[in-house]
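The block underneath contains the structure these notes are about, expressed in structure tokens.
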Amino acid sequence: MALITGVVVAGVVLGVVLARSGGTSGTASGGELFLQAANRPGPDPFTESTAKDSSTTPVTPAANAPESANVTRGVSGSTPGLYGGTRNTASCDVEKQVKALQAEPAKNKAFASVEGVQPSAVPAYLRSLTPVQLRMDTRVTNHGYRGGAATDYQAVLQTGTAVLVDGHGVPRVRCACGNPLTPAVAQRTVPRRAGDTWASYRSQNVVVVLPATTTIDVFVIYDPQADEWVGRHRGDSDGRRDEKTYPPAKPSPAVSVSSASPKPPASKSPASESPYPSDPSSSDVSSPSTSSSSDPEYPSSEPATTADTSSSYDAPESALTPPGY
């Protein structure tokens, strides 16, 4: 039994999404957390970059109650404003990704094994995904390709990273490298930071995406270039069906938008503030509150998610991983 911070928002319980790492490889469950800048391919890419655009306006969270270093917030994949993009412009070239994998059957097979589909189904699977950009630094399990097989490691993807998300809003492909993504897993110890750095990074502002409880037909994304809200249809790989939509009625959490875009990797020491989205909630979407601490640290081996109203409860380990993930 693990003590987990849970939240009830609009009747929905948001619990821990980072499962114990019993079934993963040593890389994923070990003590390293790899930070990946939006525009860099990173180690062991599956393909060349298929990202079309990797910049979106960071959003600074309004301060609320401080949270402890062993907490990682969970955000529903259906939250309006969780993702960004440009109207009628896809952030990833899905057809280029399809062709790149089809040209290398071994990589295609490894990719399929991570995503849980048959190799022959990879093209259709990719075309079912939706191209968007992250508006928060986001924790995932990334998978590189080395030695003829997929490798996995825990990663934080920078705000502005172009990704493909599934019908429940969960990131499934990082377009800068073509790597398949799966939900993050807990690490046994406080992880050692590796990889890139960016000035806005704050570990306490990193989130994990919870799969939406129902299939998302239209993603409500924010277009910072036009300062407008856009409805992007699930599986619309080129954004042609994008429609301008009304701003969500109740912004939650309150945020202030910065004009800065993601910067190239800098020094080894992160500083300043982390991006956070302008996430209004709808009647059937759970939205977490923002919170920050003055002393950012990495999550411990028992991360938890938080949202607007906190409570504690005990959950069996079997409940730590969302169904189907």
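Read-outs throughout are calculated quantities, based only on the coordinates presented, and are distinct from any laboratory measurement. Just so you know, these numbers come straight off a predicted model, no measurement behind them. Using ideal geometry, Cβ is built from the backbone for each residue, glycine included, and neighbour counts are taken over all protein chains shown.
Please arrange Phe34, Phe219 by how many other C-beta atoms lie within 10 Å of their C-beta, fewest to most.
So the residues, fewest neighbours to most, are Phe34, Phe219.
Using a cut-off of under 18 Å, list every residue of the stretch 208-226 whose amide N is near the label point 7 Å from the Cα of Thr245 along the Cα-to-beta-carbon line.
Answer for this model: 210-226.
Counting other beta carbons within 10 Å of each Cβ, put Cys92, Cys177 in order, fewest first.
Lowest count first: Cys177, Cys92.
In whole Å, what is the distance between the alpha-carbon centres of the stretch 78-99 and the stretch 193-249?
If we compute the Cα centre of each part, the gap is 9 Å.
State, to one decimal in nm, how far the label point of Ala103 lies from the label point of Glu228, with both points 7 Å from Cα in the Cβ direction.
With each label placed 7 Å out from Cα toward Cβ, I get 3.6 nm.
Would you please give the residues with an amide H less than 5 Å from that of Val165, counting only those at least 5 places away or on a separate chain, with H modeled from the backbone geometry?
Here Thr130, Val132, Arg172 satisfy the definition.
Would you mind checking which residues have amide H under 5 Å from Tyr145's amide H? H placed 1.01 Å from N; only 5 or more apart, or other chain.
Amide H neighbours of Tyr145, under 5 Å, 5+ apart: Phe46, Thr151.
Let me check I have the definition right: for the stretch 140-217, take the eigenvalues of the Cα gyration tensor, multiply each by 5, take square roots. What are those semi-axes in whole Å, largest first?
Each semi-axis is the square root of five times an eigenvalue, giving 20, 18, 14 Å.
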